[in-house]
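The values are calculated or read from the model by the stated rules, or taken from the named source; none is laboratory data. No experiment lies behind these values; they were computed from the predicted model shown. Methodologically, a virtual Cβ is constructed for each residue, glycine included, from the backbone with ideal geometry; neighbour enumeration extends over all protein chains shown. Surface areas here come from the heavy atoms of the whole protein model, side chains and all, with no ligands, DNA or RNA. Shrake-Rupley method; radii C 1.70, N 1.55, O 1.52, S 1.80 Å.
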Amino acid sequence: MVDYSNIIRRSRQIVKNNKKLWIWGMILAAMSSGGFNFSSFSNIGRPNKNWQDLFQNKNTIPQELPQKINQVLGSTVSDPWKFISSFLSPIPISFWIILGLGILVAIIFGVTLRIFILNWATAGLMSQASLAEKGETISLEKGSIQGRNKWRKLFLSSLILWGGFTAASVFISLVSVLVLTLVPMVIKIVFLIILVPLIILFIAAFLFIIIWSTFCQIIISLEDFTLGKSLSFSKKVAKKFFAEGLLMGLINSGIGCLLGCGTILVIIIIGLIVAAVIFLIFATNQVAGISLGVFLGGLFLCSLALIVLVQGIIKAFMMTNWVLLYREIQKSEKFPDRANPPLEQMNSKV
Amino acid sequence: MEKQYGGYILRMLAYLFDTLVLWLVPLTFLFAVVSFTNTTTDFWVSLLWLFLELLLFQWLLSYLYFIFTFLWFNGSFGKLVAGLSIEKENGEKPTLGDAFIRFPVGYLVSGLALGLGFFWIIKDPKKKAFHDHFAGTVVVKKNSPLPLYIALPCLIGVIFFLSTAIYQTGIKRNLWQRLGTEVVNFSETVNQIIRENTQQINKKNVPPTVPSLPIPKPTSPSVDFNTSNQPLEKFF
């Protein structure tokens, strides 16, 4: 029986004492979430009734202002489509081709870089967490070497597992759609009856793939196996310790959600309060409002950096939990102890 | 002899030099292309679009620049000018993998959390940033910084060429005169609005009517807020 409280306590201790793990966690957190996007702020430009209410005193704006603006900037301003088309029409086709090429190169390079960094950091973090668990000194350089050695295997393993699963899901969905639209009613009913256990099987398969891929990541990062051996060995481990893995996943998700979402929620609430205060001060004294806005905006940026740090610590903690679970399984099953070959051996393979 | 490591300020200056080179050279090229091409497209529109395209390719250019200068010269031109050199800590020759880890990957990671990885140079005993740790490199002081009489004239030359190109193109295309006329027109119209507005204020003897942020509910009965105004959306 796996002692989860012991794993969590030891993991907390390891992460607390080895701050270099935070850096790996930060990289993973930043890369896996895709960074911060500000899509929630997209409403800023749209008319808002409450905001409009604040400007009800319309007499303050001269009636002839739009005409005057047109006099200065030209009539195109009053017709945005005309303005855009007049701006875009003289652009030669070669500009568009180069622009498209640039965007394509940027996307390809960005995706490749993200895949590399994700797998490199996963291997780096897991190997260093394992070293820390043994009481050895960890370093960013050692982790980086491990990451460089293992990233291809990690990428290929997830490609095989998730690619296969996605392909199977797409195939089943297509067959279902075809059956439900083309065949007679009797077959449809029979198919629907079969579909219920199929969906349950699908969910079970999905959960199994999650556990399998997680154990596969750990085994690739910690052991010196080939890709095929890692896949088959991790499948055996996932089969035998599915419940343990699932429970660990649930614990990690709970902790991650509680701490991660909690931090983001606190930051959002503070941000909203700060924005409201700035707005109120700005309404009475513009100079004071702008100064305070700049100062608090800087503080808000710092808090975003704090989120990355907190998420990094959580990520490091969760990964260490998985590594410790694997070590527990290893102890209970007496697997061949091939974990963590000496670093010199790793270095020679770079 | 003990190695001397490059500090934060020196490395930051070297990076600034590199950024300047990486922007000035393509910008000059870009301006020259637009200036000396007989295109029917409006000059500013062409320039704007080429600039947009430059923005898209500039990062790629900088990646290649930092990777290959590290491999060929043990450091970017900024570092060479500052008398710095990047070395592998174990004395080996740097590989393409090291360069890739150091530049796009390492710099990205160092930039996380408001550039914590760059500020790490200040704290680290060997003055290593995160990207140095990942790539197993150190930045050492190799020579005294390159004499100013070489580095500075080069930079001034680039700036001079760029400004001359801009000025000449401006003359050739009558841009400065057009810009001047439009500025005059703009200021005249703004002044006219202000004059008319002031007259209106004096006539009505009401508070200033310059567009401003929320003003409390009307206190003067002379203004009819419900009927005399157009909807606010019309102004935007």
Worksheet entry | Relative contact order for the stretch B:87-142, counting Cα pairs under 8 Å that sit 6 or more residues apart, in percent | 42 percent
Worksheet item: trypsin sites (Lys or Arg not before Pro), restricted to the stretch A:125-170: which are DSSP loop and have at most 14 other Cβ atoms within 10 Å?
Response: A:Lys134
Worksheet item: In angstroms, what radius of gyration and Dmax does the stretch B:59-121 have, counting Cα atoms only?
Response: 11.9, 32
Discussion item. Tell me which of A:Gly271, A:Ala168, A:Gly260 sits at the most positive position along the dipole axis of the stretch A:138-276, charges placed on C-beta atoms (Lys, Arg +1; Asp, Glu -1).
Written reply: A:Ala168
Worksheet entry | Theoretical FRET efficiency, 1/(1+(r/R0)^6), r = Cβ-Cβ of A:Lys240 and B:Thr95, R0 35 Å, to 0.05 | 0.30
Response to the item:
Nearest-0.05 FRET efficiency for A:Leu265 and A:Val294 at R0 = 22 Å, using Cβ-Cβ distance, is 0.30
Worksheet, complete the sentence: Chains A and B: accessible area buried, summed over both chains, 1.4 Å probe, nearest 100 Å², reads 5100 Å²
Practice prompt. Figure the gain on full extension for B:Phe51 and B:Phe73 (residue separation times 0.36 nm, minus the Cα-Cα span) and round it to one decimal in nm.
Written response: 5.0 nm
Worksheet item: How big is the Kirkwood radius of the stretch A:100-155, worked out from every pair of different alpha carbons and given in Å to one decimal?
Response: 12.2 Å
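For A:Ser139 and A:Arg12 in the same chain, what is the full-extension length gain: residue separation times 0.36 nm, less their Cα-Cα distance, in nm?
Working it through step by step, the gained length comes to 43.9 nm.
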Item to complete: Over the whole of B:20-26, what's the average partner chain Cβ count within 10 Å per residue? Rounded to a whole number, please.
Response: 0
Response to the item:
Within the stretch A:189-222, the residues whose backbone N lies under 13 Å from a label point placed 7 Å from the Cα of A:Leu180 along the Cα-to-Cβ direction are A:189, A:191-196, A:199
Worksheet item: What are the semi-axes of the equivalent ellipsoid of the stretch A:93-205, taken as the square roots of 5 times the eigenvalues of the Cα gyration tensor, listed largest first and rounded to whole Å?
Response: 42, 28, 8
Practice prompt. Based on the mean of other Cβ atoms within 10 Å per residue, sort peptides A:321-327, A:1-7 so the most packed one is first.
Written response: A:321-327, A:1-7
Practice prompt. For A:Ala106 and A:Val190, calculate 0.36 nm times their separation in residues minus their Cα-Cα distance, and state this gained length in nm to one decimal.
Written response: 25.3 nm
